[in-house]
Structures are given as structure tokens and as C-alpha cells.
Amino acid sequence: MVKRWLPWVLKGVLSVGLIWFAFRNVDLAAAWGQAKTLDPLMLLAALSLGVAQVFLGAMRWWLVLRALKAAFSALQALPVYYIGVCFSIVTPVVGDAMRMWKAHRSGLSLQASVNSVMLERIVTILGLVLLVAAMQPLLLDRVPEIPGTWVFPLLSAVGISGIAFISQLDRLPVSLHRWRVVRGMVHLAGDTRKLCRRVPFSLGTLAVAVIGHANLSLVVYVLALGLGLDVSIIDCLILFPPVILALTLPISIAGFGLRENIMIVAFGYVGVEPGSAAVLGRAVRGEQHRHRPRRAA
């Protein structure tokens, strides 16, 4: 019981600490006043882009399913993916687990349910890393003194190498195949090769992933306009994808606290005040929650 709950307790404590750290020097009354100035039309536009994000995610997963030749239509994939988005409010792991379970309950084989979600998640993260690496020249042009410029090219190489490694996991010694986890890795390796060999589907999945990350950057830009912040769409496109990438680290509950701190640092490079950056981070988080279903029964 202690082992089960201790990580959540630690994440909760860290989330509270990060929220305190982000807002410790922020005038909360002024921040709340700025949040209330959000243009309703810009909020509506952001909500529309958020709904489009769900469709992009469902399409991304469906392309992986097509590559694996799974008998699961786009109309089946959309509601299951939407339910997974709802449960991702807690953490992406919970959302992915729910998507696997609902897909299996809807008639998809357990192997296809698990592997398709894992591969979709891997390609999504790879697309994010590649987008960040591709935008790095623009980032350096705007913020030449930013540290760690070698990180994202390295992550790109590691990501591509990681997929190649996963595709070879079925080469593990046969003597190890008696273990269920090893048999699972063997099946994952085969499905990874299926995805890579069906180039239209693999490149399509990667392209939709990149479009999805760009769409999230557009959401940030629209909300920034609604708050009256002086940022450009290019600023959002080069600064927000690294924020998304950092939020994949499982060190807080649903990114609470972590998002605000990273937004303050990232948008501080283009002159956005800490309070305004924190409000923008909360607005992005709130917009992502609004288009999720209340219940997933």
C-alpha cells in the first residue's frame, strides 16, 4: 500500500511546491484581474482548436491501428480516444491505460490495444522532439543565449535509435520468452516493424503528431492575444513545444506547478512578465480541460 501511494504523495507535495515557487513573486490580485480580461472570442477560438486537437489525436491513433491492420474503424477510435483524454487529466499514463481497456472492451485484441497506444505515444513524442529540433535555429535567432542547445538534436537521435531498438526486441533469447513481459516486448517489436514498413501510415502518424503540436502552439497564441500579451505566433511555435516536452516528465500530478514554472522561464525570454506567463499557462491548462467530457461511463 505504501509503495502504491508514495509516488502520488511525493508528486502531490512537489506539485504544491512548484505552484508556490511559480506564484511566490506574482501579484495574485493583478494576475486574477488579467485572467478576467480574456477576450471571449479568443477563448471560443481556443476551444475550437482544442476540439480539433481531439480529432487530430484520434486520427493519429487510427493511422497506427491501420498500420497494424487492426479491425477498428475511425468512428470507433474517436470516442475511445476521447475517453482516454478525459482520464489524462490525472496523468497521461491513466489516460493511455483507460484507452487500452476501452479499446479491448470494444472488440480490439489485447495485443493491438496495448501496442497501438504505446506506438502512438512513442511517435507523438518523437514528432514533438523533431519539431523542437527543427525550430531550434529560429529559437537561437530570437534567444541566442539560451543554454542546452545540444539537448534536442541529441534527443532526436535517441528517439530514432530507440524505435530501432524496440523493433529488435524479438531477438531476445528464446529462453526468456517464458516470461509474459518478454513475450509482450516480442509482440511490440513485430508491431513496430509493421508500422515502420507501412510508410504512408508511419509518416502520416508522424505528420499528424507534428500538426497536433503546432495546433497546441496556436492555442497558446490565441489565448495570448486574448490576454493582450505582446507575443507572435512564431514565438509560441518555438517556445511552447519545449514546454510540452518538459511536461512529459512524470514529476508532478498532471503537470500542476511544472507548467507554470516552465511557461514563466520560456516566455520570459521574449519579455513576458512572470505573472502574465503564469496566467497564460493556467489558461492553456483550463482550455484543455474544458473540451474534455465530465464523465466517461
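Every number in this text was worked out from the coordinates using simple rules, so none of it is lab data. All values reported here derive from a predicted model rather than from experimental measurement. Positions of Cβ are generated from backbone atoms using ideal geometry, with glycine treated the same way; all protein chains shown enter the neighbour counts.
Here are the numbers for this structure:
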{"item": "Segment 167-184 - phi-based ³J(HN,Hα) in whole Hz, Karplus 6.51/-1.76/1.60, Gly and Pro as x", "result": "5, 10, 5, 6, 8, 4, x, 4, 4, 8, 5, 6, 7, 4, 5, 5, 4, x"}
{"item": "Whole-Hz couplings from phi, Karplus 6.51/-1.76/1.60, listed for segment 33-44; x for Gly and Pro", "result": "x, 5, 4, 6, 8, 4, 5, x, 5, 5, 5, 4"}
{"item": "S232 paired with F165, simple spin-label distance in nm, labels 7 Å along Cα-to-beta-carbon", "result": "3.9"}
{"item": "Cross-link partners of K69 among aspartates and glutamates (Cα-Cα below 18 Å; sequence separation of 8 or more within a chain)", "result": "E120, D191"}
{"item": "Percentage of interatomic Cα-Cα distances in segment 28-290 larger than 29 Å", "result": "35"}
{"item": "Ranked K194, K36, criterion: other C-beta atoms within 10 Å, fewest first", "result": "K36, K194"}
{"item": "Backbone HN-Hα couplings from phi across segment 55-72 [Karplus 6.51/-1.76/1.60, Hz, Gly and Pro as x]", "result": "5, 5, x, 5, 5, 4, 5, 5, 5, 5, 4, 5, 4, 8, 6, 7, 7, 8"}
{"item": "Spherically averaged projected area in nm², based on the convex hull that wraps the Cα atoms of segment 38-131", "result": "6.9"}
